[in-house]
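Asks: Just dropping this structure here.
The values are calculated or read from the model by the stated rules, or taken from the named source; none is laboratory data. For clarity, every value in this text was computed on a predicted model and none was experimentally measured. Reconstructed Cβ throughout: ideal geometry from the backbone, glycine too, with neighbour counts over all protein chains shown. To get the accessible areas, we keep the full protein, side chains included, count just its heavy atoms, and leave off ligands, DNA and RNA. Shrake-Rupley method; radii C 1.70, N 1.55, O 1.52, S 1.80 Å.
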Amino acid sequence: MTLDLDDIAAHLTDSPEQADALIDLSNVVRDTAIGGPHARSLDRLGLVLDALARRTGDRNATAYALADRSLRHQVHEYPDRTEPALLVAWIESGLVEELPDADERLLDLAEGLGLPVISRDGFADFRLTHPWIQGNTTQFLSPVPTPVRAVKLAERDMGIRSPAQISRKLEESDLKAHGLLAGRNRRPMTEVVRRHWRCPERSCTLYDSHRGSAVRLPRMKRGVPVCEVHRTPLLDDGPRTGIAQLKLLVEGDCVHRFTLDVDSTVILGRDPGSGGISLYDHIDPERLRRISRAHLSVQVSAQSLALRNLGGNGTRLRRSGARQSGPLTNEDRVALHVGDTVELAAGIHLARSARRFPAEIAAAWQSSTNRRQTPRSAAATTMLGERATDADSG
Ligand SMILES: [Zn+2]
């Protein structure tokens, strides 16, 4: 049921662009609500990764983990010495990104890539630099123990923190307050993610924009994107179109990821013709026979990913958490959300990577705000903490 320590590495990725979620590792490893009595335990990471696999419907789901530099210390707080040693090995191999304080980078990545954040932290001292956290009910997930000694991931209501609460928290941590001052002039990470970058060194191809989904995100140094190798500021190389990712699952295993550009419509099938996505190389011939030549149309816009059935073999959609699936029609487009699965044929499914588009996240907040319907909280959410003292959720 739970992942062994040895199996965890396979569920960590060294690229945030390939991840299904971001993990606030210092928070998870010290979360005594799950995974035994020790003050620190890597077992908790295994429980959380297991829960992520169940949440995404992909047993090979991966996460990008960030840790504070202090996490590797206090080795006596771990069940035994092998755990901090393993943590250091993951850091050295790039599977865990270690920073003096990981919160800022974690939130930058979450905002820029639309990835969910697994953490129980309230990030109170980041609400001014990251106002999108205020009132957020969709992008933060906390590990919750279940009766069978497992963990599930629950969406958190981040609430609205008042300016008074935020400044109190800032005073508590001088260092973070300093980061905030430096943050005034920084380039927002979202702006960096929406551009291509290139290193001024001619021979350097680290940020080559022709790599599609594998393009590396620049590291930020004092608000400026810099080359990791040459340490020089990167040059703006033009706008970058948004991307969405679809995962192809065969008997529950992810066998391929397709990267789709925003503002495109793509046909997927056994032999969809030029410009389409062929499943020929990824599925065995026996199963392939049950897939239509042109099986499914996938339309990616800035706000959504929408599907329409094309072939005679039929396509079924199962909504996240639903027991039953229903057929897609050949007429109407239906939005595919994170956690939904699409059945092309028995044992062959499509699912979305957990990352969402910035515009899609904004729309989700809008609708959850409207659903609350109490004028007080709606007004407070709009104010983003400017004068939201009335609706303080603590
Ligand atoms: Zn370079």
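Asks: What is the range 267-329's relative contact order, in percent, from Cα pairs under 8 angstrom and six or more apart in sequence?
Replies: Once normalised by length, the contact order is 25 percent.
Asks: Return the FRET efficiency for the residue pair Gln303, Ala154: r is the Cβ-Cβ distance, R0 is 30 Å, and the value is rounded to the nearest 0.05.
Replies: For Gln303 and Ala154, the calculated efficiency is 0.70.
Asks: For the range 67-171, rounded, prolate or oblate, judged on the Cα gyration tensor with a ≥ b ≥ c (square roots of eigenvalues), a/c < 1.5 rounded, else prolate if a/b > b/c?
Replies: Prolate shape, in that a/c is at least 1.5 and a/b is the bigger ratio.
Asks: Could you give the accessible area per residue of the range 1-126, probe 1.4 Å, as a whole number in Å²?
Replies: Ligands and nucleic acids excluded, the result is 35 Å² per residue.
Asks: How fast does the range 263-314 diffuse by Stokes-Einstein, in µm²/s, taking the Kirkwood radius from C-alpha pairs at 20 °C and 1.002 mPa s?
Replies: So the translational diffusion coefficient is about 189 µm²/s.
Asks: When the accessible area of the range 48-129 is split by element with a 1.4 Å probe, what percent falls to carbon and sulfur?
Replies: The nonpolar share, carbon plus sulfur, comes to 52 percent.
Asks: What part of the accessible area of the range 245-293, given as a whole %, is carbon or sulfur when the probe is 1.4 angstrom?
Replies: Summing carbon and sulfur atoms, their accessible area is 45 percent of the total for the range 245-293.
Asks: So, one more: What would the Debye formula give as log10 I(q)/I(0) at q = 0.13 Å⁻¹ for the alpha-carbon point model of the range 1-55, no solvent?
Replies: -0.30
Asks: Could you compute the net charge surrounding Ile23? Neighbours are other residues with a C-beta less than 12 Å from the C-beta of Ile23; K and R count +1, D and E count -1.
Replies: That sum, taken over residues with Cβ under 12 Å, equals -3.
Asks: Another question, if that's okay. Averaged per residue, what accessible area in Å² does the range 276-352 show with a 1.4 Å probe, protein chains only?
Replies: That works out to 50 Å² per residue.
Asks: From the mean inverse distance of alpha carbon pairs (Kirkwood) and the Cα radius of gyration, derive Rg over Rh for the range 237-289.
Replies: On the Cα set of the range 237-289, Rg over Rh gives 1.05.
Asks: Quick one: which residues, 5+ away or cross-chain, put their amide H under 5 Å from the amide H of Ile277? H built at 1.01 Å from N.
Replies: Sorted by chain and number, the residues that satisfy this are Ile267, Leu268, Gly269.
Asks: Here's something else I'd like to know. What does the extension gain come out to for Asp237 and Ala335, with contour length at 0.36 nm per residue minus their alpha carbon separation?
Replies: Net length gain for the segment: 32.0 nm.
Asks: In whole Hz, with x marking every Gly and Pro, tabulate ³J(HN,Hα) for the range 143-154 from phi via Karplus 6.51 cos²θ - 1.76 cosθ + 1.60, θ = phi - 60°.
Replies: x, 10, x, 10, x, 9, 6, 10, 9, 10, 9, 10
Asks: Counting each pair of different Cα atoms once, what's the Kirkwood radius of the range 12-144 in Å, rounded to one decimal?
Replies: That comes to 15.0 Å for the range 12-144.
Asks: Something else now. Rg and Dmax of the range 76-125, using alpha carbons, in Å: what are they?
Replies: When restricted to Cα atoms, the range 76-125 yields Rg and Dmax of 13.5, 37 Å.
Asks: Could you give me the ³J(HN,Hα) list for the range 252-263, computed from phi with Karplus coefficients 6.51, -1.76, 1.60 and θ = phi - 60°, whole Hz, x at Gly and Pro?
Replies: 3J(HN,Hα) across the range 252-263, in whole Hz: x, 9, 6, 9, 6, 10, 9, 9, 10, 7, 5, 6.
Asks: Between Cys204 and Val88, what is the FRET efficiency for a Förster distance of 35 Å, r being their Cβ-Cβ separation, to the nearest 0.05?
Replies: Working from the Cβ atoms, E equals 0.75.
Asks: Same structure again: Which whole-angstrom value gives the distance between the alpha carbon centres of the range 247-326 and the range 9-43?
Replies: With the range 247-326 and the range 9-43 each reduced to a Cα centre, they are spaced 31 Å.
Asks: Compute the projected area of the convex hull of the Cα atoms of the range 241-336, averaged over all viewing directions, and report it in nm² to one decimal place.
Replies: Average projection, Cα convex hull of the range 241-336: 6.6 nm².
Asks: Turning to a different aspect of this structure: Quick check: pseudo-label points 7 Å beyond the Cα along Cα→Cβ at Arg289 and Thr259, how many nm apart are they?
Replies: 3.6
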